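Undergrad: Have a look at this one before I ask anything.
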Amino acid sequence: MSNIIEIEGLSKRYGDLVALNDLNLTIDQGAVVGFIGPNGAGKTTTMRILTTLLQPSSGTARVAGYDVAQNPDAVRRAIGYMPDFFGVYDDMKVWEYLDFFAACYDIPPATRHGMIDDLLGLVDLGHKKEQYVEGLSRGMKQRLCLARTLTHDPQLLILDEPASGLDPRARIEMRELLRELQNMGKTIFFSSHILSEIADVCTSIAILEAGNLVAHGNIEQIRRQLRANRTIHVRLLGEREPLVNLLQTSPGVVHLQTDDLPADSLRFDFSGDDVALSELIQTAVSHHIPLVSFREEEHDLEDVFLQLTKGVVN
Ligand SMILES: Nc1ncnc2c1ncn2[C@@H]1O[C@H](COP(=O)(O)OP(=O)(O)OP(=O)(O)O)[C@@H](O)[C@H]1O
Ligand SMILES: [Mg+2]
């Protein structure tokens with residue numbers, strides 16, 4: 001699979017502020033990538049560089065094989081961009097709005113007619129075709145804006161928080177729409193604050209924190225990365241001291257805690273992998289330490305996100 005986005009050593013400074021710090025990221029053709037991060041992480045900055053609207057301070061970015069600085073026109077043709085804030089043209093009818101953007105991309109009038117119907121069908125606004133844009137709800141305006149990004153049939157969609165400000169139902173509809181676009185063969189790079197909400201549409205996620213990429217991969221890979229800091233709870237028959245002594249000399253055991261726990265229990269963070277953890281249990285058993293339970297704390301996706309972005313003050 002070829003890379004439709006290739007970002008290498010990309011940095012953006014605004015005066016003293018480093019908004020983006022040496023970002024390296026590649027995205028496969030056909031992927032649906034969620035770009036997650038708290039406010040001010042640098043998501044919009046990255047997207048504006050990719051869409052040729054902003055110059056990086058250093059580093060390079062290529063979209064569909066074209067360098068954003070050297071070949072901006074070709075990059076723009078390959079991309080459909082939905083910005084985080086968009087003005088809509090209130091005094092236009094829904095179909096006129098799409099017609100206008102299609103005309104901007106030199107699509108001939110004869111083709112435009114059928115294309116507008118197709119796009120309105122896709123975003124479920126066929127019944128609003130003759131209405132004024134100002135009469136649409138926020139969710140409808142957002143879907144119309146998404147339809148607008150498709151007028152020139154781009155291979156890559158860059159969507160800056162397409163679900164922001166939408167109610168739960170409209171968010172689900174937006175997700176369905178992204179799935180449909182993926183099935184049509186589009187590559188989608190979109191930003192969000194909420195990891196759990198988008199995890200099931202994404203083929204991979206990239207997590208940005210204060211200008212640094214802290215994780216990139218599919219959900220499973222990111223969970224695995226998190227297991228570097230997994231927490232284990234243990235309960236024993238009787239006293240915990242023999243196990244405490246063993247753990248104090250075991251590799252990978254960090255943060256051994258017994259305070260605020262019953263006398264037969266303890267908790268520790270473990271930085272090893274599954275093999276190392278299994279060896280640790282075998283060692284405990286071979287020392288005749290009577291384990292009753294040995295369990296790993298379950299992390300849900302929001303925990304993953306919070307752990308990866310902890311320490312960020314907004
Ligand atoms: N034009 C600008 N001038 C100065 N600083 C800027 C400018 N644009 C962005 N920044 C700063 O760069 C950092 C990254 O901003 P950016 O808008 O890329 O974040 P974001 O991840 O999109 O945040 P949000 O989730 O709030 O949309 C922030 O600290 C922001 O204040
Ligand atoms: Mg933003």
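The values are calculated or read from the model by the stated rules, or taken from the named source; none is laboratory data. The model shown is predicted, which means the values in this text are computed figures rather than measured ones. Every residue, glycine as well, gets a Cβ built from its backbone with ideal geometry; the counts of neighbours run over all protein chains shown.
Undergrad: Of everything in the stretch 184-193 that's surrounded by 18 or more Cβ atoms within 10 Å (Cβ to Cβ) and among the hydrophobic types (A, V, I, L, M, F, W, C), which residue is farthest from ligand 1 (Cβ to nearest atom)?
TA: For the stretch 184-193, the residue satisfying everything is I188.
Undergrad: Oh, and also: Quick one: D67 ticks every box in (1) in contact with a strand residue (DSSP E or B) (Cβ under 8 Å, 6 or more places away or on another chain); (2) buried (at least 16 other Cβ atoms within 10 Å of the Cβ) bar one, so which box is it?
TA: The failed condition is (2).
Conditions tested, residue by residue: (1) within 16 Å of ligand 1 (Cβ to nearest atom); (2) polar (S, T, N, Q); (3) outside the structural domain of G37 (by TED's automatic domain parsing); (4) under 20 Å from the mean Cα position of the chain (by Cα).
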{"position": "V123", "(1), (2), (3), (4)": "no, no, no, no"}
{"position": "G135", "(1), (2), (3), (4)": "no, no, no, no"}
{"position": "K141", "(1), (2), (3), (4)": "no, no, no, no"}
{"position": "L144", "(1), (2), (3), (4)": "no, no, no, no"}
{"position": "P154", "(1), (2), (3), (4)": "no, no, no, no"}
{"position": "I158", "(1), (2), (3), (4)": "yes, no, no, yes"}
{"position": "I172", "(1), (2), (3), (4)": "no, no, no, yes"}
{"position": "L178", "(1), (2), (3), (4)": "no, no, no, yes"}
{"position": "Q182", "(1), (2), (3), (4)": "no, yes, no, yes"}
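Undergrad: Which of the following residues is surrounded by fewer than 20 Cβ atoms within 10 Å (Cβ to Cβ) and in contact with a Cys (Cβ under 9 Å, 6 or more places away or on another chain): F86, F100?
TA: So the residue among F86, F100 that is surrounded by fewer than 20 Cβ atoms within 10 Å (Cβ to Cβ) and in contact with a Cys (Cβ under 9 Å, 6 or more places away or on another chain) is F86.
Undergrad: Something else: Taking D22 as meeting all but one of (1) under 19 Å from the mean Cα position of the chain (by Cα); (2) surrounded by 16 or more Cβ atoms within 10 Å (Cβ to Cβ), write down the number of the exception.
TA: Exception for D22: condition (2).
Undergrad: Go over the candidates E197, E241 one by one and state the one that is of a type in the set (D, E) and in the same structural domain as S278 (by TED's automatic domain parsing).
TA: E241
Undergrad: Turning to a different aspect of this structure: Output the number of residues of the stretch 158-187 satisfying the condition of being touching a helix residue (DSSP H, G or I) at 6+ places or on another chain (Cβ under 6 Å) and either part of a helix (DSSP H, G or I) or hydrophobic (A, V, I, L, M, F, W, C) (or both).
TA: Counting residues in the stretch 158-187 that are touching a helix residue (DSSP H, G or I) at 6+ places or on another chain (Cβ under 6 Å) and either part of a helix (DSSP H, G or I) or hydrophobic (A, V, I, L, M, F, W, C) (or both) gives 4.
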